[in-house]
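**Q** Below is the structure I would like to discuss, written out as structure tokens.
The values are calculated or read from the model by the stated rules, or taken from the named source; none is laboratory data. Note that the structure is predicted; figures quoted are calculated from it, not measured. Note: ideal-geometry Cβ built from the backbone for every residue, glycine included; neighbour counts use all protein chains shown.
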Amino acid sequence: MIRVIAKIFYVLLVVAVAYAAGASSPFATSVINYSPGPGQWVGDPRFNDPVRALGRPYGKSVWEADNTSVVTLGDGGSLTLAFDHNVVDDPRNPGGFDFIVFGNAIFVGGNPAMRWQEPAFVEISQDGVEWFLVMPNILPSQLTASDTGPSSTILRHYADCTPVLELPYSRTAEEFYTVPDRQSRSGDFMSLMVDEVSGGGDAFDIAAAVRQVSPGVPMFGSDGKPVPAGITWFRYIRMTDALVGDSWGAGEISAEIDAVADVSPAALVGEARRLPDSSFAVIWGAAVTAVFEDGVWIEQLDRSAGIRIAAPSTSVAEGDLVAVTGHVITQNGEKILTDPLVTVLQQGGSNVKPVGLCGSSLSSGSVQGMLVTVWGRVNNKTSSGFTLDRGFGSTIGVITGSVSISASEGAFVSVTGVMTKDSVGASAVRIRRAEDVKTF
């Protein structure tokens, strides 16, 4: 085993990134310090260049890592990076997570409950002098050899514990690798998986930062609890291999770092609807209101706005709470999220009540995409829909599709469905099932 103990200092080593002058990168842009510990890879030029940790990460799959862009920390070693902007504890950040650290962890045999993990504890700083520990669920001093390498121990607020996925063709690195993967929880198998909306890596919350008496050792108050850092932003980040002396086979177990990213804030559904076409949107915590073969409708829980998403590969059901990413387009006069990636945050329990519409409210663009109820008489009934005569010259089309309804011509009915556009771009209500049309 190669044993190298060295300190290599890189002061404000700024790498060129593919951004226009003056624009900030969502990824760390400079190396402040690299102090590797001893280890079998520290002397290998493929793994000892700290510049590899700058810019975007490179992933493969949950069972295979891409090691072409990682830097090893060695046993007990550390790496300090900086952003070109302040990373902020933004209340709009998905899941409450503010930044992501990427490594080369994998699921052993594809099993998310058994990971190859080489944890590094993480500290953040506003000035590069005073450091705060992002409080993990198990303190570094409490880690044992059973928590590293191939392990079933669930670790949170540690780096290099969650795989990094390959960039899909429908995303840029800035889009995919700035959406956090939810932290794993015992007893919740789905939380062990990498969320479809995310590129993986380990997510961190600035609000979890605490004061410390030395690196990785939190300061405790008179109440026996860690003393909160009370900060809302940082610019510098230090990652330190958390357990000294752990090994597997002939080599040490030490963390590798691929990249660090600032999390992109999520948009409300109404905000996403107002984005220009081709814009990327992250929506976190919307309810599914309708599911069809050609698309799914989601709505803000407060019923402020809804939007259609193109048919996702993930199976969802009405009442699911979901996170969705995609690109906004206008198709036939309707806002749609295309090439969607969807994660079910909660199965069921998030059913949204329809908004009752009357008078001229049907003509308002703000109700497009929402679950609504309208009233009127059935006219011009066909096998795929009918016209709802709402009186006083107001009508709206109703799309029934393959759903058979019993209401007869001229019957007074209520219709519940999602507001959409028909084939000619006119507003229409699309029902989900026969029970959505009730005769009075």
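**Q** Show me the strands (runs of 3 or more DSSP E) entirely contained within segment 93-149 in which 3 or more residues are in contact with a Leu (Cβ under 8 Å, 6 or more places away or on another chain), of a type outside the set (D, E, K, R) and crowded, with 17+ Cβ neighbours inside 10 Å.
**A** Hits in segment 93-149: 120-125.
**Q** Here is a further query. Cβ contacts < 6 Å: first residue in contact (Cβ under 8 Å) with a residue 40 or more places away in the chain, restricted to segment 129-144; second residue of a type in the set (Asp, Glu), any location; separation 6+ or different chain. Result?
**A** If the second residue must be of a type in the set (Asp, Glu), the pairs left are 131/123; 133/123.
**Q** Also, quick follow-up: Collect the residues in segment 176-189 that are in contact (Cβ under 8 Å) with a residue 12 or more places away in the chain and assigned to a loop (DSSP other than H, G, I, E, B), keeping them in residue-number order.
**A** The answer is 177, 178, 179, 180, 181, 182, 183, 184, 186.
**Q** Could I ask something else about it? Quick one: is residue 340 part of a loop (DSSP other than H, G, I, E, B) and touching a strand residue (DSSP E or B) at 6+ places or on another chain (Cβ under 6 Å)?
**A** Here the answer is no, as residue 340 does not meet what is asked.
**Q** Identify all residues within segment 73-92 that are touching a strand residue (DSSP E or B) at 6+ places or on another chain (Cβ under 9 Å), more than 20 Å from residue 52 (Cα to Cα) and either in a strand (DSSP E or B) or not charged (D, E, K, R) (or both); write none if there are none.
**A** Matches in segment 73-92: 86, 87, 88.
**Q** Pick from 295, 249: which is without any contact (Cβ under 8 Å) to a residue 60 or more places away in the chain, in the same structural domain as residue 149 (by TED's automatic domain parsing) and either surrounded by 15 or more Cβ atoms within 10 Å (Cβ to Cβ) or out of contact with any His (no Cβ under 6 Å at 6 or more places or on another chain) (or both)?
**A** Checking each option against the conditions leaves just 249.
Yes/no matrix, rows are residues, columns are (1) in a strand (DSSP E or B); (2) modelled with pLDDT under 95; (3) of a type in the set (A, V, I, L, M, F, W, C):
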{"position": "191", "(1), (2), (3)": "no, yes, no"}
{"position": "197", "(1), (2), (3)": "no, no, yes"}
{"position": "203", "(1), (2), (3)": "yes, no, yes"}
{"position": "207", "(1), (2), (3)": "no, no, yes"}
{"position": "213", "(1), (2), (3)": "yes, no, yes"}
{"position": "222", "(1), (2), (3)": "no, no, no"}
{"position": "231", "(1), (2), (3)": "no, no, yes"}
{"position": "236", "(1), (2), (3)": "yes, no, no"}
{"position": "240", "(1), (2), (3)": "yes, no, no"}
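**Q** Condition first: part of a loop (DSSP other than H, G, I, E, B) and farther than 17 Å from residue 422 by Cα. Now tell me which residues in segment 375-393 satisfy that.
**A** 390, 391, 392, 393
**Q** Looking at segment 281-292 only, could you name the residues that are crowded, with 22+ Cβ neighbours inside 10 Å and either over 19 Å from residue 431 (Cβ atoms) or over 19 Å from the mean Cα position of the chain (by Cα) (or both)?
**A** 281, 282, 283, 284, 286, 289, 290, listed by residue number.
**Q** Considering only residues of segment 298-346 that are among the basic types (Lys, Arg) and surrounded by 22 or more Cβ atoms within 10 Å (Cβ to Cβ), which is nearest to residue 429 (Cα to Cα)?
**A** So, considering only residues that are among the basic types (Lys, Arg) and surrounded by 22 or more Cβ atoms within 10 Å (Cβ to Cβ), the one nearest to residue 429 (Cα to Cα) is 308.
**Q** Checking the structure you have, find out if any residue of segment 152-163 is buried (at least 22 other Cβ atoms within 10 Å of the Cβ), free of Cβ contacts under 8 Å to residues at least 40 places away in the same chain and touching a strand residue (DSSP E or B) at 6+ places or on another chain (Cβ under 7 Å).
**A** yes
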